[in-house]
1. Estimate the FRET efficiency between residue 58 and residue 16 by the formula 1/(1 + (r/R0)^6), using the beta-carbon distance for r and 45 Å for R0, to the nearest 0.05.
2. Based on the mean of other Cβ atoms within 10 Å per residue, sort peptides 182-189, 142-149, 32-39 so the most packed one is first.
3. Tell me the angle of helix 121-139 to the major Cα principal axis of the chain, expressed in degrees between 0 and 90 and rounded to the nearest ten.
4. Against the longest alpha carbon principal axis of the chain, how many degrees, from 0 to 90 and to the nearest 10, is the axis of helix 77-88 turned?
5. Report the extension gain between residue 157 and residue 69 in nm, rounded to one decimal, defined as 0.36 nm multiplied by the number of residues separating them, less their alpha carbon distance.
6. How large is the direction-averaged shadow of the alpha-carbon convex hull of the chain, in nm²?
7. Label points 7 Å out from Cα along the Cβ direction at residue 141 and residue 178: separation in nm?
8. So if each residue of separation counts as 0.36 nm, and I subtract the Cα-Cα distance between residue 113 and residue 85, what length gain in nm does that give?
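A short reminder: the numbers here are calculations on the coordinates, not readings from a lab. Note that the structure is a prediction, hence the values are computed from the model and not measured. Cβ coordinates were reconstructed from backbone atoms using ideal geometry, including for glycine residues, and neighbour counts include every protein chain displayed.
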């Protein structure tokens, strides 16, 4: 059992950091509860932040879409789609997660703690989306929109100006498209470990030739790492 006084202090510090005070503290607790922590305490009937992440992802996409549509009327549909993908990608979300140091406040299982879960890209980016979902549940769309704009304002501007760092999959796609019509495919070739601490292994093929293999705590992370490996072989495409 986590010390309740410490938990309350952590929540108070975190609320100050994100400039939002939750009306119902259960919402912030849920946003910060990783599946590894919930799985280790099944007797307590705890839930993880995975469903909140799903909701937060949807809210984030709506808010960013509206922002781009309203503020940048000169952009075509294709340009808006590309800008949104750049803003809501995992690499952008990890920047936001690190800015508010969400990793410090997560409730993690012992195994995840030992293996560096507080710095893991997939966990942090998912927790940031869960936090958006928690704010939306706590007090509605306007509060969620305010939070997103506060945290992602510069990322939006940078994306419109073409300055954001693209995720590795997007980078690989653009490299290939410049030089050929080769097809890129991703495949999960292995899953290891228990459900609460699973590791995925992905491979990326370019015209049926394996160009990269990557591991991750989620399928998305494994694919990103496979693409990263492939990018290091740029001259072989």
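1. Details: r = 27 Å, r/R0 = 0.61.
Given R0 = 45 Å and the Cβ-Cβ separation, E is 0.95.
2. On the way: 182-189: 13.5, 142-149: 17.6, 32-39: 22.0.
Descending packing order for the listed peptides: 32-39, 142-149, 182-189.
3. 50
4. Roughly 50 degrees between the two axes.
5. Working: separation 88, 0.36 × 88 = 31.68 nm, distance 1.32 nm.
The residue 157-residue 69 span can extend by a further 30.4 nm.
6. Its Cα hull, projected and averaged over all orientations, spans 13.8 nm².
7. Here the modelled spin labels are 4.0 nm apart.
8. Values: separation 28, 0.36 × 28 = 10.08 nm, distance 3.05 nm.
Full extension from residue 113 to residue 85 adds 7.0 nm.
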